[in-house]
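Here the structure is laid out as structure tokens; the discussion comes afterwards.
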Amino acid sequence: FQFRNRRNMTDIPQEIDVLSEENEKLRYQVFCKTSGCTEVVSAVYAPCGHLINCSKCANALKYCPCCHTEVKKVIQVNLK
């Protein structure tokens, strides 16, 4: 039992690194991609369906920043 616990303790720093990387990726996915904006994504572009901006930034754009499709409608969503 003690040997197994010691082995697991040596794995913890590596596991922390992996979880930290995953956390950063998820954190990036949640926030608006417009430079300088810190709002949570809350708008879906139609017809393309990309979810990459907050409502304020999305409503200011005529083309989807991801695929450059003309935005016909901005649909508000709540990810909470």
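The values are calculated or read from the model by the stated rules, or taken from the named source; none is laboratory data. In this text, all values refer to a predicted model and were calculated from it rather than measured experimentally.
Candidates in region 70-80 are the residues that are in a loop (DSSP other than H, G, I, E, B) and over 17 Å from Thr34 (Cα atoms); of these, the one that is modelled with the lowest pLDDT is Lys80.
Among the residues of region 57-66, is there at least one that is basic (Lys, Arg) and assigned to a loop (DSSP other than H, G, I, E, B)? Yes: region 57-66 contains one or more residues that are basic (Lys, Arg) and assigned to a loop (DSSP other than H, G, I, E, B).
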